[in-house]
Amino acid sequence: MRIAVGNDHRGCALKELVIKIITEAGHSVHDFGCYTEDAVDYPDIAVQVAEAIVRGEFDRGILICSTGIGMCIAANKVRGIRAAQCYNVFTAHRARLHNDAQICCLAAQEGKAQAKVIVEDFLSTEFEGGRHIARINKIKEIEEKQCR
């Protein structure tokens, strides 16, 4: 798979681990930044990653900020994106299995302890489909109404 990764200044350290996890799993990765601990605005990076996924340039994305919340909110503003804040393996698994989320948002403040299992599960879990398709379609309908 092709994975897009992005972070704000608080996520630099965790991003390095995430990139290692992705490449060791045999996936390709593109780093959208940021690359230093100089303050940046996380919405700028979240939108770059989300739009690249919508365009089909990447299969999935990982976004990292202090809590994961800001990145998640910003990414979800991009039409066609379903980003999920994943704070443990259960939420990562369900984000993919039931919600077909394309982006996993991580909290840099939670550190490296859970990152490996969260990222591995998010990348390896396929969308279950079935009854969840109708729910995804309802989300798309809401999005269509809001974007008119």
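Go through the range 22-31 and count every residue that is under 17 Å from the mean Cα position of the chain (by Cα), without any contact (Cβ under 8 Å) to a residue 40 or more places away in the chain and in a loop (DSSP other than H, G, I, E, B).
0
Residues in the range 108-123: is at least one under 16 Å from the mean Cα position of the chain (by Cα), in a loop (DSSP other than H, G, I, E, B) and under 24 Å from I21 (Cβ atoms)?
yes
For the range 79-90, enumerate the residues that are of a type in the set (V, I, T) and surrounded by fewer than 20 Cβ atoms within 10 Å (Cβ to Cβ). Before the answer, list the steps.
Taking the range 79-90 as the starting set, the residues that turn out to be of a type in the set (V, I, T) are 81, 89.
V89 - this is the single residue of the range 79-90 that is of a type in the set (V, I, T) and surrounded by fewer than 20 Cβ atoms within 10 Å (Cβ to Cβ).
Check D44, D59, D8, D31 and return the single one that is out of contact with any Ser or Thr (no Cβ under 8 Å at 6 or more places or on another chain) and more than 25 Å from T125 (Cα to Cα).
Criteria check complete, one pass: D44.
Name the pairs whose Cβ atoms lie under 6 Å apart, with the first residue in the range 38-66 and over 23 Å from Y87 (Cβ atoms) and modelled with pLDDT of 95 or more, the second β-branched (V, I, T) and surrounded by 14 or more Cβ atoms within 10 Å (Cβ to Cβ), and 6 or more positions between them or separate chains?
What qualifies is E51/V78.
Restricting to the range 32-60, and then to whatever is more than 12 Å from the chain's Cα centre (by Cα) and aromatic (F, W, Y), can you tell me which residue is surrounded by the most Cβ atoms within 10 Å (Cβ to Cβ)?
Among those that are more than 12 Å from the chain's Cα centre (by Cα) and aromatic (F, W, Y), it is Y42.
Answer yes or no as to whether A95 is of a type in the set (G, A, S) and in contact with a Leu (Cβ under 9 Å, 6 or more places away or on another chain). Walk me through how you get there before you give the answer.
Values: of a type in the set (G, A, S): yes; in contact with a Leu (Cβ under 9 Å, 6 or more places away or on another chain): no.
The answer is no for A95.
Please tell me if I69 is modelled with pLDDT of 95 or more, surrounded by 17 or more Cβ atoms within 10 Å (Cβ to Cβ) and under 12 Å from the mean Cα position of the chain (by Cα). Lay out the reasoning, then the answer.
Values: modelled with pLDDT of 95 or more: yes; surrounded by 17 or more Cβ atoms within 10 Å (Cβ to Cβ): no; under 12 Å from the mean Cα position of the chain (by Cα): yes.
No; evaluated as a whole, the condition is false for this residue.
Which of the residues belonging to the range 79-89 are in contact (Cβ under 8 Å) with a residue 24 or more places away in the chain and more than 17 Å from I3 (Cβ to Cβ)?
Going through the range 79-89, the residues in contact (Cβ under 8 Å) with a residue 24 or more places away in the chain turn out to be 79-83, 86-89.
Result: R79, G80, Y87, N88, V89.
I'd like the full set of residues that are part of a helix (DSSP H, G or I) and either closer than 24 Å to I64 by Cβ or modelled with pLDDT of 95 or more (or both), limited to the range 124-133.
Let us first name the residues in the range 124-133 that are part of a helix (DSSP H, G or I), namely 124, 131-133.
Across the range 124-133, the qualifying residues are S124, H132, I133.
Identify the single condition in (1) surrounded by fewer than 17 Cβ atoms within 10 Å (Cβ to Cβ); (2) in a loop (DSSP other than H, G, I, E, B); (3) among the acidic types (D, E) that D100 does not satisfy, given that it satisfies every other one.
Only one criterion is unmet by D100, namely (1).
The values are calculated or read from the model by the stated rules, or taken from the named source; none is laboratory data. Remember, it's a predicted structure, so these values are computed and weren't measured experimentally. Because the Cβ atoms are built from the backbone with ideal geometry, glycine has one as well, and the counts that use them run over all protein chains shown.
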